[in-house]
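Undergrad: Take a look at the following structure, please.
The values are calculated or read from the model by the stated rules, or taken from the named source; none is laboratory data. Here the structure is a predicted model, which means the values were calculated and not measured. Here Cβ is always computed from backbone atoms with ideal geometry, including for glycine, and neighbour counts include all displayed protein chains.
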Amino acid sequence: MISKDLFRRPNLPLETLGREGDKAAVPEVSCPGCKRRLPVDELAANLYICPRCRQYHKMSARARIAMVLDEGSFEELDEALVSRDPLRFPDYRHKLEEAGKASGEREAVVTGLGRVEGMRCGFFVMEPGFMMGSMGAAVGEKITRLFERALRERLPVLGYTLSGGARVQEGILSLMQMAKVSGAVRAHSDAGLFYLAVLCDPTTGGVAASFAMQADIILAEPGALIGFAGPRVIEQTTRQTLPEGFQRAEFQLAHGFVGRLSPRESQRALVGLLLRMHTGGAA
């Protein structure tokens with residue numbers, strides 16, 4: 001059964017208040033693929049995929065939880081763990097407050113324990129509405145604690161990555177999270193436990209260069225941008241024209257960077273199958 005949280009209206013930048021002159025304006029978004037306007041409810045009912053052009057729109061962390069986890073099975077961990085502006089970066093506290101209001105979350109990642117088709121697992125999902133899922137000290141600590149919990153309880157981990165990379169407002173402290181999380185992932189792996197990652201649009205920067213690429217099996221949503229530096233930066237640096245579709249999920253699949261594309265409509269079934277195969281079916 002699909003949870004009603006899947007249809008919760010996301011606070012994303014594309015959201016509008018409907019057409020001028022409407023007596024009862026219906027919330028709409030403009031699709032970046034076909035440029036048409038879509039009712040938010042229609043988009044949510046279609047797993048945030050444009051029904052006209054198949055463009056994937058960003059999903060909130062809670063919508064993904066509702067999409068993939070068994071209803072009522074999610075137990076959130078470390079909800080109160082948040083960033084505290086350790087470097088006193090100008091305007092950072094205000095940005096954190098605004099990100100919280102826009103996304104409804106306290107940080108750029110939600111972590112916890114849940115079940116997929118009855119299979120218990122550790123679970124993390126990054127929130128695009130909170131500073132584009134950027135990784136600061138709190139994000140790194142939450143994911144590290146999740147892998148440590150999964151190691152203690154001998155659970156597989158399912159992770160959804162979506163991030164612009166390290167959070168610049170936390171400087172070197174944000175970059176240190178790459179090594180910290182990678183160490184926790186390695187300890188989990190050395191214990192013979194399974195880690196499955198689903199890369200979403202975008203998965204870039206320090207997240208792509210660390211735990212996103214450490215999974216035993218790497219899936220990617222169609223069209224997702226995956227890489228360290230973005231195409232524009234690479235073109236400006238190398239002064240070369242990049243091939244069409246460079247760094248998109250389909251390009252990365254063709255070059256062996258990801259194992260399989262995972263459309264949202266069949267994602268839950270595929271994730272459940274992989275968890276069952278790699279854990280011996282233990283619930």
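Undergrad: Out of the stretch 85-99, which residues are surrounded by fewer than 12 Cβ atoms within 10 Å (Cβ to Cβ) and touching a helix residue (DSSP H, G or I) at 6+ places or on another chain (Cβ under 9 Å)?
TA: Within the stretch 85-99, P90, D91 qualify.
Undergrad: Being basic (K, R) and either closer than 16 Å to Q177 by Cβ or in contact with a His (Cβ under 9 Å, 6 or more places away or on another chain) (or both) is the filter here, so list the residues in the stretch 73-109 that pass it.
TA: Residue satisfying the conditions is R84 alone.
Undergrad: Something else: Restrict the check to the stretch 218-234 and report whether at least one residue is within 29 Å of M277 (Cα to Cα), among the charged types (D, E, K, R), in a strand (DSSP E or B) and touching a residue at least 60 places away in the same chain (Cβ under 8 Å). Let's see the steps before the verdict.
TA: First, pick out the residues of the stretch 218-234 that are within 29 Å of M277 (Cα to Cα): 218-227.
Now restrict to residues that are among the charged types (D, E, K, R): 221.
Cutting the leftovers down to in a strand (DSSP E or B) gives us none.
No, the stretch 218-234 contains no residue that is within 29 Å of M277 (Cα to Cα), among the charged types (D, E, K, R), in a strand (DSSP E or B) and touching a residue at least 60 places away in the same chain (Cβ under 8 Å).
Undergrad: Taking only pairs six or more apart or across chains, which ones have beta-carbon atoms under 6 Å, a first residue in the stretch 127-141 that is closer than 12 Å to G206 by Cα, and a second residue that is surrounded by fewer than 24 Cβ atoms within 10 Å (Cβ to Cβ) and of a type outside the set (G, A, S)?
TA: Correct list of pairs: G140/K180.
Undergrad: For the stretch 121-167, name all the residues that are basic (K, R) and within 17 Å of S189 (Cα to Cα).
TA: R145, R149, R152, R154
Undergrad: Show the residue pairs meeting these rules: Cβ distance below 6 Å; 6+ apart or different chains; first residue within the stretch 15-39 and in the same structural domain as R52 (by TED's automatic domain parsing) and at pLDDT 55 or above; second residue among the acidic types (D, E) and surrounded by 10 or more Cβ atoms within 10 Å (Cβ to Cβ).
TA: From residues that are in the same structural domain as R52 (by TED's automatic domain parsing) and at pLDDT 55 or above, the pairs are V29/E15; R37/E28; P39/E28.
Undergrad: Let me ask something additional. Answer yes or no: is there a residue in the stretch 253-267 that is touching a helix residue (DSSP H, G or I) at 6+ places or on another chain (Cβ under 7 Å) and over 20 Å from Y195 (Cα atoms).
TA: Checked against the condition, which is being touching a helix residue (DSSP H, G or I) at 6+ places or on another chain (Cβ under 7 Å) and over 20 Å from Y195 (Cα atoms), the stretch 253-267 yields no hits at all.
Undergrad: Kindly indicate which of V110, V168 is of a type outside the set (S, T, Y) and more than 17 Å from L199 (Cα to Cα).
TA: Of the residues listed, the single one that is of a type outside the set (S, T, Y) and more than 17 Å from L199 (Cα to Cα) is V168.
Undergrad: Can you tell me which condition E170 does not meet? The list is (1) out of contact with any Pro (no Cβ under 7 Å at 6 or more places or on another chain); (2) on the phi < 0 side of the Ramachandran plot, and all the others hold.
TA: Among (1) out of contact with any Pro (no Cβ under 7 Å at 6 or more places or on another chain); (2) on the phi < 0 side of the Ramachandran plot, E170 violates only (1).
Undergrad: Read through the list (1) in contact (Cβ under 8 Å) with a residue 60 or more places away in the chain; (2) assigned to a loop (DSSP other than H, G, I, E, B), then give the number of the only condition that L242 fails.
TA: Unmet for L242, out of (1) in contact (Cβ under 8 Å) with a residue 60 or more places away in the chain; (2) assigned to a loop (DSSP other than H, G, I, E, B): (1).
Undergrad: Turning to a different aspect of this structure: Would you point out which residue out of Q177, Q240 is surrounded by fewer than 23 Cβ atoms within 10 Å (Cβ to Cβ) and either farther than 26 Å from V68 by Cα or of a type in the set (A, V, I, L, M, F, W, C) (or both)?
TA: Every option except Q240 fails the conditions.
Undergrad: Quick one: which residue in G245, G280, G259 is surrounded by 12 or more Cβ atoms within 10 Å (Cβ to Cβ), of a type in the set (G, A, S) and closer than 25 Å to S189 by Cβ?
TA: None of the other options fit; the residue is G259.
Undergrad: If I filter the stretch 190-197 for residues that are under 19 Å from the mean Cα position of the chain (by Cα), surrounded by fewer than 17 Cβ atoms within 10 Å (Cβ to Cβ) and not aliphatic (A, V, I, L, M), do I get at least one hit?
TA: No - not one qualifying residue is present in the stretch 190-197.
Undergrad: Kindly indicate whether V157 is touching a His at 6+ places or on another chain (Cβ under 7 Å) and either within 19 Å of T203 (Cβ to Cβ) or modelled with pLDDT of 95 or more (or both).
TA: Working: touching a His at 6+ places or on another chain (Cβ under 7 Å): yes; either within 19 Å of T203 (Cβ to Cβ) or modelled with pLDDT of 95 or more (or both): yes.
Against the criterion (touching a His at 6+ places or on another chain (Cβ under 7 Å) and either within 19 Å of T203 (Cβ to Cβ) or modelled with pLDDT of 95 or more (or both)), V157 qualifies.
Undergrad: A further question follows. Among the listed residues R120, R167, R152, which satisfies the condition of being within 19 Å of K58 (Cβ to Cβ) and basic (K, R)?
TA: Just a single option satisfies the conditions, and that option is R167.
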